Amino acid sequence: MTLQIRGISKTYPNGVQALKDVALTIPKGMYGLLGPNGAGKSTLMRILATLQEPDGGSVQLGEIDVLKQKDEVRQTLGYLPQEFGVYPKVNAEELLDYFAVLKGVGSRRARQGVVESLLRKTNLWDVREQKLSGYSGGMRQRFGVAVALLGNPKLMIVDEPTAGLDPAERVRFLNLLSELGEASVVLLSTHIVEDVSELCTRMAIIDKGEILLEAEPLRAIDELQGRIWSCEVSREAQDDLERGHAVISTKLYAGRTVAHVYCDSTPGPAFEPAKPDLEDVYFSAVTGRIGRRREHQRPEGRP
Amino acid sequence: MKFREIFRFEFVYQARRVRTWLYFAVLFAVAYGLNRTSGRDGLVISPFEVALDTVLTGLLWVWMAPAVAGSAAARDVQTRMYPLIYAAPISKADYLGGRFLAAFVLNALILAALPYTSVPTVFSLCRPPSLSRQCSFRWQR
């Protein structure tokens, strides 16, 4: 089963164009959608989860037209939104049982089995009788995962799932997702590069509503070999460096500012070759050194 | 199946809340007080007194009914659980119908506090051992 997105556009009434002619082909497995805050990821996720209408375009999940056959999609959809709450006055077991009914798990005995299995899988079984109002952010997120996993979804959409999780919770959550990715289309939207590098076999980078790059993470990193250079830079010299070189990112490392520069050959004696990683791929795409933004830019004035 | 479960969940959720029983208790207490007051001349369950008490207590219930119905209608948005619910395969009829019916039945049960008050009112005004004599005497006025 493949999810095919063709020409999806969305402009909000306030004039903000959230998506511009987005086209993606997402096969079975883990697929990462990487982009900064406000890039349009959540809008795309909501459209795929049948919660929002696009202005134009089409989305096909196997034989199902996602924009027209919403009931069919929802039968096979697992959706974990970026932000969600829960009823505070019920416990996890009751609410998950309720969602199991809504997802069409009919008999009480079947529901009991499914609920127990999912609560154990998400490590919530021991706190199943605790009111959801007493759950921490991570526990609530895991409860959301349990809801999303109900009914063995063929399409799983997870929107910024690891934001706000502590490292242990994050690892547990990513393991859960990777298990699911073996049998379903899993679309993981995030602004955390590590989530994609650890999990996804394919990815796309989105910014300002446009898909800038669609690639396999390892291949994209390989293609940057020999093109990323690093140097330590003082705060005062940072502006000069940005004027003279194609700086893709600056970050603090042990209290010192380290700049990464994109260049086909050595940009100068002060620079050392850096081993590229997915973060470099991401910043190179967002700053227009690689991908579609580079194609759109004129060559003049480019380093 | 889904309609029934949505109704059941909503009904049980609100029935477990203290607020729902507080509404019932307040209506019961106010209706009882009105019955006692209006019944001082012995006309405890005259049609006029019952109608008058029902209308007065009903005015109070008008302030409670939207809280029950509003909770059923707006809780998903208020608690931000709506993305999970709206992405589930349920029809509008099941979702809205189940919620509406639960709120309707809850409000009906809260309103039932009014007729229920007539029982303790009658017994408090007509105490044994002279229950039959006193009541029959009073009601014959």
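The values are calculated or read from the model by the stated rules, or taken from the named source; none is laboratory data. Everything numeric in this text was worked out from a predicted model, so none of it was measured. Counting neighbours? That spans all protein chains shown, and the Cβs are built from the backbone with ideal geometry, glycine included. For the accessible areas, the whole protein counts, side chains as well, though only heavy atoms, and no ligand, DNA or RNA atoms are used. Shrake-Rupley method; radii C 1.70, N 1.55, O 1.52, S 1.80 Å.
For the range A:133-162, the tally of residues that are assigned to a loop (DSSP other than H, G, I, E, B) and out of contact with any strand residue (DSSP E or B) (no Cβ under 9 Å at 6 or more places or on another chain) stands at 2. Taking residues in the range B:1-30 that are at the interface with chain A (Cβ under 10 Å from one of its Cβ atoms), and partners anywhere that are open to solvent by 70 Å² or more (accessible area, probe 1.4 Å), the pairs with Cβ atoms closer than 7 Å and at least 6 places apart or on different chains are B:TYR13/A:LYS89; B:ARG16/A:LYS89; B:ARG17/A:LYS89. Only residues that are exposed (fewer than 13 other Cβ atoms within 10 Å of the Cβ) and among the hydrophobic types (A, V, I, L, M, F, W, C) were counted across the range A:241-269, and they come to 2.
When the range A:99-126 is filtered for residues that are within 14 Å of chain B (Cβ to nearest Cβ) and among the polar types (S, T, N, Q), only A:SER107 remains.
I'd like to know if the range A:61-82 contains one or more residues that are in contact with a Phe, Trp or Tyr (Cβ under 8 Å, 6 or more places away or on another chain), of a type in the set (A, V, I, L, M) and at pLDDT below 95. No, because not a single residue in the range A:61-82 is in contact with a Phe, Trp or Tyr (Cβ under 8 Å, 6 or more places away or on another chain), of a type in the set (A, V, I, L, M) and at pLDDT below 95. Annotation note: of A:GLY113, A:GLY209, A:GLY144, A:GLY137, the sole residue that is open to solvent by 10 Å² or more (accessible area, probe 1.4 Å) and touching a residue at least 12 places away in the same chain (Cβ under 8 Å) is A:GLY137.
In this structure, A:LEU165 does not satisfy being in a helix (DSSP H, G or I), touching a residue at least 24 places away in the same chain (Cβ under 8 Å) and surrounded by fewer than 24 Cβ atoms within 10 Å (Cβ to Cβ). Scanning the range A:96-132 for residues that are more than 23 Å from B:PRO89 (Cβ to Cβ), part of a helix (DSSP H, G or I) and under 29 Å from the mean Cα position of the chain (by Cα) turns up A:ARG120, A:TRP125, A:VAL127. The set of residues in the range B:88-141 that are surrounded by fewer than 12 Cβ atoms within 10 Å (Cβ to Cβ), at pLDDT 70 or above and in a loop (DSSP other than H, G, I, E, B) contains only B:SER91.
So that you can scan it fast, the table gives a plain yes or no per residue for (1) at pLDDT 85 or above; (2) not in a strand (DSSP E or B):
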| position | (1), (2) |
| --- | --- |
| A:GLU236 | no, yes |
| A:VAL258 | yes, no |
| A:TYR282 | yes, yes |
| A:ARG294 | no, yes |
| A:PRO303 | no, yes |
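The residue pairs whose first member lies in the range A:5-21 and is at negative phi, whose second member is open to solvent by 70 Å² or more (accessible area, probe 1.4 Å) and not acidic (Asp, Glu), and whose beta carbons are closer than 8 Å, counting only pairs six or more residues apart or on different chains, are A:SER9/A:GLN17; A:SER9/A:LYS20; A:LYS10/A:GLN17; A:THR11/A:GLN17; A:LYS20/A:LYS208. Residues in the range A:57-76 that are away from chain B (no Cβ under 14 Å) and open to solvent by 30 Å² or more (accessible area, probe 1.4 Å): A:GLY57, A:SER58, A:GLN60, A:GLY62, A:GLU63, A:ASP65, A:LEU67, A:LYS68.
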